[in-house]
Amino acid sequence: MAEGALFEFLCRMGDNTLVLGHRVSEWCGHAPVLEEDIALANTALDLIGQTQMWLGLAGEVEGKGRSADDLAMLRDAWDFRNVLLAEQPNGDFGQTMMRQFLFDAWHVEMLAALTRSSDARIAAIAAKAVKEAAYHVERSGDTVIGLGDGTTESHRRMQAALDLLWPYVGEMFLPDAVDAAMAEAGVAPDPASLRPAFDARIGAVMAAATLTIPEDDFAHKGGKSGFRHSEHLGHMLTEMQWLQRAYPGASW
């Protein structure tokens with residue numbers, strides 16, 4: 001197995017949680033109620049904590065002396081390997097929770113599979129992270145149900161959020177050369193193999209939420225290969241990386 005492919009895979013895992021964690025953190029002080037403000041902040045902290053582990057291991061595998069902080073704060077948008085779903089704007093609270101649930105439903109399946117990785121370091125990280133992901137998907141799923149099957153207005157907003165974000169789901173399950181190398185080495189599953197469990201969970205939650213899953217299977221792609229990101233990522237990184245870029249090497 002090429003170390004380059006392993007590095008790419010670890011960056012994908014770390015960039016997903018980094019970018020989504022930053023997006024969720026943008027709600028701090030702005031959530032609709034205090035309990036949600038605290039819950040979203042805790043979700044963001046979980047995701048950033050996972051980022052530290054994934055990107056820390058990526059730096060070790062790369063062997064160029066880059067730390068997790070270096071990989072998070074000193075790469076440009078085209079070097080990021082997160083799926084496009086993670087970088088989409090928060091929108092309203094319903095859109096944020098729909099994005100979270102769609103990601104969580106994939107994330108928990110991926111992490112569960114990674115606990116059986118042939119790479120003991122990856123299996124150990126996944127074993128820690130999957131416990132948090134299991135809570136995240138339960139919470140986000142319950143929120144989607146509560147809002148979808150709530151008032152006329154909350155239902156309308158949740159359906160709009162699902163329609164908007166659904167085209168970003170497919171990318172999480174499209175395999176490429178990196179995925180093939182990881183699967184062949186037993187490091188990670190073929191992402192397509194995760195789709196049945198994802199669809200089952202999504203179907204059950206959307207049915208309870210009285211929401212209609214779009215029939216169109218079109219999928220935006222390019223994020224996890226770095227080939228194409230949306231315009232939103234660059235703006236987000238400008239804010240996230242500003243201090244380290246303005247004061248290189250600054251520390252507490």
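FYI, it's all coordinate maths here, none of it is from the lab. Quantities reported herein were computed from a predicted structural model and do not represent experimental measurements. Cβ: placed from backbone, ideal geometry, glycine included. Neighbour counts: every protein chain shown.
Would it be correct to say that SER140 is assigned to a helix (DSSP H, G or I) and over 24 Å from THR43 (Cα atoms)?
no
Considering each residue of the stretch 194-236, count those that are free of Cβ contacts under 8 Å to residues at least 40 places away in the same chain and not charged (D, E, K, R), and give that number.
7
Taking LEU211 as meeting all but one of (1) assigned to a helix (DSSP H, G or I); (2) surrounded by 15 or more Cβ atoms within 10 Å (Cβ to Cβ), write down the number of the exception.
(1)
Any chance you could count how many residues in the stretch 97-135 are farther than 19 Å from ARG201 by Cβ and touching a Phe, Trp or Tyr at 6+ places or on another chain (Cβ under 7 Å)?
Qualifying residue count for the region: 1.
How do the pairs read when you match residues in the stretch 123-135 that are farther than 19 Å from MET97 by Cα with residues anywhere that are among the basic types (Lys, Arg), using Cβ under 7 Å and keeping only pairs 6 or more apart or on different chains?
Cβ pairs passing all conditions: ALA123/ARG116.
Mind checking which residues of the stretch 103-122 are touching a residue at least 40 places away in the same chain (Cβ under 8 Å) and surrounded by 17 or more Cβ atoms within 10 Å (Cβ to Cβ)?
PHE103, ALA105, TRP106, HIS107, GLU109, MET110, ALA113, LEU114, SER117, ASP119, ILE122
Does VAL61 satisfy the condition of being under 18 Å from ALA133 (Cβ atoms) and part of a helix (DSSP H, G or I)?
Considered against the rule, which asks whether it is under 18 Å from ALA133 (Cβ atoms) and part of a helix (DSSP H, G or I), VAL61 comes out as no.
So which residues in the stretch 136-194 are within 19 Å of ALA204 (Cα to Cα), among the hydrophobic types (A, V, I, L, M, F, W, C) and touching a Ser or Thr at 6+ places or on another chain (Cβ under 7 Å)?
Selection gives LEU147 alone.
Given (1) touching a helix residue (DSSP H, G or I) at 6+ places or on another chain (Cβ under 8 Å); (2) part of a helix (DSSP H, G or I); (3) farther than 15 Å from LEU162 by Cβ, identify the lone condition not met by ARG99.
(3)
Looking at the stretch 66-102 only, could you name the residues that are among the acidic types (Asp, Glu) and surrounded by fewer than 23 Cβ atoms within 10 Å (Cβ to Cβ)?
Residues satisfying the conditions are ASP69, ASP70, ASP76, ASP79, ASP92.
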